[in-house]
Amino acid sequence: MKIPKVSIIVATDKNGIIGKENKIPWRCSEDLKHFKSKTIEQTIIMGRKTYDSIGNKPLKDRLNIVISLSLNAKFNMELFTEENGPFIVTSIEESLKIAKEKNRGEIFVIGGQSIYEYFLGKNLVQKIYHSIMDIEVKNGDAMFKYNKSKWSVCRTVSYKTFYLKILKKI
Ligand SMILES: NC(=O)c1ccc[n+]([C@@H]2O[C@H](COP(=O)([O-])OP(=O)(O)OC[C@H]3O[C@@H](n4cnc5c(N)ncnc54)[C@H](OP(=O)(O)O)[C@@H]3O)[C@@H](O)[C@H]2O)c1
């Protein structure tokens, strides 16, 4: 299979924290708008815990793919539609196969920590949309880490409440 191009979209505090107790530890409506504008009518891939954290239901008007190894989690499949999913898969390879078959716009990996690491570790990511909040979260338990020497900043945008860096693979 020819591997499709994948982008990460992530929001962190100043120190790379993305989550605490399976929630995003801030509320930033401007960043949510940015997230929606990038991902609407596109494909989103996420880990099962992130799927739980967004309410155990697919995000509207996007192709939702959820990676779960154990498949022990309870998925409310009454919400399933062929158009938006959620398609539940047990590996990255399977998530990319469905994304490729369905061919719905850009493929975004939307978290959480383990899924970001998984895609970065397999060298599958071409672009990172990194929103940086001007805050420092105490006792965060999920992080976004990447090797800065392998990425170049191709654009930055200052919003009122956060700063966006768009990075491309060198
Ligand atoms: N700030 C942001 O932009 C942002 C975005 C997304 C999430 N978050 C935060 O990130 C945190 C969640 O991150 P997380 O790392 O704990 O969880 P996660 O990556 O969302 O989900 C982890 C789950 O994904 C499945 N999984 C992981 N690796 C797998 C593999 N190799 N093969 C198959 N399935 C695999 C497993 O599901 P099973 O247990 O079902 O097997 C695992 O428990 C939360 O705090 C959330 O709010 C923040």
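Its relative contact order, with pairs defined as Cα atoms under 8 Å and 6+ residues apart, puts the chain at 34 percent.
If each residue of separation counts as 0.36 nm, what is the full-extension length gain between Asp52 and Ile166 once their alpha-carbon separation is subtracted?
Numbers: separation 114, 0.36 × 114 = 41.04 nm, distance 2.72 nm.
That pair, Asp52 and Ile166, stretches by 38.3 nm at full extension.
Let me know the shape class of region 117-170, please: from the alpha-carbon gyration tensor, a ≥ b ≥ c as square roots of the eigenvalues, rounded when a/c is under 1.5, otherwise prolate if a/b is greater than b/c, or oblate. Because a/c hits 1.5 or more and a/b fails to exceed b/c, region 117-170 counts as oblate. Per-residue ellipticity at 222 nm computed for the chain from its helices equals -6000 deg cm²/dmol, with DSSP H segments shorter than 4 residues left out and the rest contributing -39,500 (n - 2.57). Net length available on complete extension from Glu30 to Asn76 is 13.6 nm, with 0.36 nm assigned per residue and the Cα-Cα distance removed. Provide, for q = 0.15 Å⁻¹, the log10 of I(q)/I(0) from a solvent-free Debye sum over equal Cα point scatterers in the chain. For the chain, the Cα-only Debye profile gives -0.82.
Between Lys14 and Leu69, the simple label model (points 7 Å from Cα in the Cβ direction) yields a spacing of 3.5 nm. Of all beta bridges that DSSP places with both ends in region 28-149, some 10 percent have antiparallel geometry.
When peptides 92-100, 151-159 are sorted by average Cβ neighbour count within 10 Å, with the highest value leading, the order is 92-100, 151-159. Counting other C-beta atoms within 10 Å, and keeping those with at most 16, which DSSP coil trypsin sites (Lys or Arg not before Pro) do you find in region 23-59? In loop regions of region 23-59 (DSSP not H, G, I, E or B), the sparsely surrounded trypsin sites (Lys or Arg not before Pro) are Arg27.
Counting charges near Glu41 (Lys, Arg +1; Asp, Glu -1) among other residues having Cβ under 14 Å from its Cβ returns a value of +3. Annotation: Cα Rg of region 91-140 relative to the compact-globule expectation 2.2 N^0.38 Å equals 1.40.
Going through the cross-link list Lys36/Lys122; Lys100/Lys168; Lys122/Lys145; Lys122/Lys150; Lys14/Lys145; Lys14/Lys60, which pairs have a Cα-Cα distance over 24 Å in this structure? Pairs exceeding the cut-off: Lys36/Lys122; Lys14/Lys60.
The local environment of Lys14, defined by Cβ-Cβ distances under 10 Å, has a net charge of -3 under the rule Lys, Arg +1 and Asp, Glu -1. In the neighborhood of Glu94, defined by Cβ-to-Cβ distances under 14 Å, what is the net charge if each Lys or Arg adds +1 and each Asp or Glu adds -1? The answer is +3.
Coordinate-derived values only; no laboratory data. What you see is a predicted model; the values in this text were computed from it and never measured. For neighbour counting, all protein chains shown are included, and Cβ atoms are generated from backbone atoms with ideal geometry for every residue, glycine included.
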